[in-house]
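Accompanying notes for the structure given below.
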Amino acid sequence: MTRTEVAEDQVKVQEKQRVLGVVPNFYVSYTPHAVPLTSKLKFKLAWKTLIDPVTFALVGVSAGVQQAQNDFSGYGQGAQGYAKRFGASYADTATSAFIGSAILPSLLKQDPRYFYKGTGSTRSRILYAIANSVICKGDNQRWQPNYSAILGGLAAGGISNLYYPAKDRGATLVFENTLIGTGTTAVLDLLQEFVVRKLTPHVPNSDPAKP
């Protein structure tokens with residue numbers, strides 16, 4: 001098999017990964033030395049995530065919480081206000097996914113996935129998970145600063161200024177969202193390292209933590 005065919009097969013396994021059999025867990029590789037993704041596969045994962053019903057459900061919950069707290073009050077209340085919050089939240093998700101997980105990783109030759117460690121001391125795994133919020137594997141299999149995620153967060157935040165209420169726009173919104181995104185990624189990576197694998201069916205046999 002060619003490297004491209006191997007990568008496609010590995011992605012097919014990732015596409016079956018769902019926490020509790022429901023929530024998408026596509027961006028985690030349980031194969032320590034997985035073949036780098038082609039640009040086509042990077043876009044495929046981003047698209048598959050965006051059209052997943054669970055993504056729409058999570059965006060809907062987020063919009064509901066924002067409405068209940070009257071965040072982005074310029075959108076107003078009622079059905080129209082909820083629709084605007086839903087659209088803005090989904091647009092944030094879409095721009096972040098495509099720019100940070102597909103476009104920039106393709107241009108910069110970086111891998112948008114989290115590579116499960118599963119071995120070593122608890123401390124080493126904690127440090128590894130947190131570090132993965134700002135570093136990533138390149139397509140050359142070497143660790144490097146995660147320019148794709150950082151620049152992707154800034155770009156998505158900048159684009160969001162086009163549709164958020166005027167009083168909520170500006171550089172502050174961009175940098176706050178980027179920092180929040182980085183912190184959220186660190187927390188999610190910790191969950192990936194210690195919790196999520198146990199709740200995710202269809203993990204490959206090459207998982208380092210499995211006998």
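Just so you know, all these numbers are worked out from the coordinates, no wet-lab data involved. Everything numeric in this text was worked out from a predicted model, so none of it was measured. Cβ: placed from backbone, ideal geometry, glycine included. Neighbour counts: every protein chain shown.
Summary of computed values
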| quantity | calculated |
| --- | --- |
| Scope region 66-80; condition surrounded by 12 or more Cβ atoms within 10 Å (Cβ to Cβ), among the small types (Gly, Ala, Ser) and either in contact (Cβ under 8 Å) with a residue 40 or more places away in the chain or under 27 Å from residue 23 (Cβ atoms) (or both); matching residues | 73, 74 |
| Residues satisfying the stated conditions in region 120-160, i.e. at positive phi and free of Cβ contacts under 8 Å to residues at least 60 places away in the same chain | 120 |
| Residue tally, condition of a type in the set (S, T, N, Q) and farther than 20 Å from residue 85 by Cα, over region 157-198 | 4 |
| Criterion: of a type in the set (S, T, N, Q) and more than 21 Å from residue 39 (Cα to Cα) - qualifying residue of 101, 133, 106, 96 | 133 |
| Residue 83 under 25 Å from residue 69 (Cβ atoms) and surrounded by fewer than 19 Cβ atoms within 10 Å (Cβ to Cβ) | yes |
| Residue within region 180-200 that is farther than 30 Å from residue 76 by Cα, in a loop (DSSP other than H, G, I, E, B) and of a type in the set (Lys, Arg) present | no |
| Count - residues of region 1-27 that are within 23 Å of residue 89 (Cβ to Cβ) and in contact with a strand residue (DSSP E or B) (Cβ under 7 Å, 6 or more places away or on another chain) | 4 |
| Test: residue in region 147-155 that is over 15 Å from the mean Cα position of the chain (by Cα) and either of a type outside the set (Gly, Ala, Ser) or farther than 29 Å from residue 172 by Cβ (or both) | no |
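Conditions tested, residue by residue: (1) over 18 Å from the mean Cα position of the chain (by Cα); (2) under 18 Å from residue 177 (Cβ atoms); (3) in contact (Cβ under 8 Å) with a residue 24 or more places away in the chain.
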| position | (1), (2), (3) |
| --- | --- |
| 16 | no, no, yes |
| 28 | no, no, yes |
| 64 | yes, no, no |
| 90 | no, yes, yes |
